[in-house]
Amino acid sequence: MANKKTLIDGLNEDLANELGASILYLYQTSVATGWDGEELREFLSAEVTGEMQHAIFLAEKIASLGGKPTTMPKQHKCPKDVKGMMKYDLKLELEAIESYKQRAMQAEEAGEIGLKIKLEELIVDETAHAEQIQRILRGM
Ligand SMILES: [Fe+2]
Ligand SMILES: [Fe+2]
């Protein structure tokens with residue numbers, strides 16, 4: 001049975017991951033080169049703000065639950081080649097899906113049903129991201 005403290009700690013981990021993903025995607029859109037880089041840029045430029053929107057939601061929710069939102073993004077060292085970047089990003093998106101599944105269960109256990117539904121919407125977003133990256137990777 002997840003209590004509120006466990007839930008807030010988990011949401012803060014998610015927040016650090018979203019902040020880290022947004023910064024990583026900004027970095028990758030800036031440095032990617034070649035035709036593959038163009039494809040990566042087209043996908044990722046929307047996700048820089050997309051992941052930041054997720055971070056904004058989480059930060060506000062943590063605060064409204066009485067917690068303190070982290071200001072520390074997760075740090076990343078990603079590969080330099082475009083294909084390596086995409087594989088790295090796919091791993092992050094799949095990890096995000098697993099984290100949000102766990103968090104949605106914890107939210108339900110803590111009686112936070114609105115949050116549970118919102119976390120499921122984040123699963124929908126991250127699943128779409130993962131599928132889009134998989135599609136690009138198949139063509140590379
Ligand atoms: Fe996200
Ligand atoms: Fe994502």
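The values are calculated or read from the model by the stated rules, or taken from the named source; none is laboratory data. The shown structure was predicted, so the numbers you read here are calculated from the model rather than taken from an experiment. All Cβ positions, glycine included, derive from the backbone under ideal geometry; neighbour counts span all protein chains shown. Each accessible area value is taken on the protein alone, full model and side chains, heavy atoms only, with ligands, DNA and RNA left out. Shrake-Rupley method; radii C 1.70, N 1.55, O 1.52, S 1.80 Å.
One line per residue, one yes/no per condition, for (1) within 16 Å of ligand 2 (Cβ to nearest atom); (2) open to solvent by less than 70 Å² (accessible area, probe 1.4 Å):
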{"position": "GLU38", "(1), (2)": "no, no"}
{"position": "LEU44", "(1), (2)": "yes, yes"}
{"position": "GLU47", "(1), (2)": "yes, yes"}
{"position": "GLU51", "(1), (2)": "yes, yes"}
{"position": "ILE56", "(1), (2)": "yes, no"}
{"position": "ALA59", "(1), (2)": "no, yes"}
{"position": "ALA63", "(1), (2)": "no, yes"}
{"position": "THR71", "(1), (2)": "no, no"}
{"position": "LYS77", "(1), (2)": "no, no"}
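Can you tell which of LEU122, LEU115 is among the aliphatic types (A, V, I, L, M) and within 16 Å of ligand 2 (Cβ to nearest atom)? Can you show your working first?
Numbers: LEU115 fails: within 16 Å of ligand 2 (Cβ to nearest atom).
Step by step, each of LEU122, LEU115 is checked, and only LEU122 is among the aliphatic types (A, V, I, L, M) and within 16 Å of ligand 2 (Cβ to nearest atom).
Look through LEU94, LEU58, LEU90 and report the one residue that is touching a residue at least 40 places away in the same chain (Cβ under 8 Å), out of contact with any Lys or Arg (no Cβ under 6 Å at 6 or more places or on another chain), more than 11 Å from ILE8 (Cα to Cα) and within 16 Å of ligand 1 (Cβ to nearest atom).
Details: LEU94 fails: touching a residue at least 40 places away in the same chain (Cβ under 8 Å); LEU58 fails: more than 11 Å from ILE8 (Cα to Cα).
Just one listed residue meets the conditions, LEU90.
Does any residue of the stretch 103-119 turn out to be without any contact (Cβ under 8 Å) to a residue 24 or more places away in the chain, surrounded by 14 or more Cβ atoms within 10 Å (Cβ to Cβ) and either in a loop (DSSP other than H, G, I, E, B) or within 16 Å of ligand 1 (Cβ to nearest atom) (or both)? It would help to see each step written out before you state the result.
First, pick out the residues of the stretch 103-119 that are without any contact (Cβ under 8 Å) to a residue 24 or more places away in the chain: 104, 108, 111, 113-114, 116-117, 119.
Restricting the remaining residues to those that are surrounded by 14 or more Cβ atoms within 10 Å (Cβ to Cβ) gives 104, 108, 116, 119.
Then keep just the ones that are either in a loop (DSSP other than H, G, I, E, B) or within 16 Å of ligand 1 (Cβ to nearest atom) (or both); that gives 104, 119.
Checked the stretch 103-119: at least one residue is without any contact (Cβ under 8 Å) to a residue 24 or more places away in the chain, surrounded by 14 or more Cβ atoms within 10 Å (Cβ to Cβ) and either in a loop (DSSP other than H, G, I, E, B) or within 16 Å of ligand 1 (Cβ to nearest atom) (or both).
From the list LEU24, LEU19, LEU11, LEU15, exactly one residue is open to solvent by 20 Å² or more (accessible area, probe 1.4 Å) and either away from ligand 2 (no atom under 16 Å from the Cβ) or in contact (Cβ under 8 Å) with a residue 12 or more places away in the chain (or both). Which is it?
Working: LEU24 fails: open to solvent by 20 Å² or more (accessible area, probe 1.4 Å); LEU11 fails: open to solvent by 20 Å² or more (accessible area, probe 1.4 Å); LEU15 fails: open to solvent by 20 Å² or more (accessible area, probe 1.4 Å).
On inspection, the qualifying residue turns out to be LEU19.
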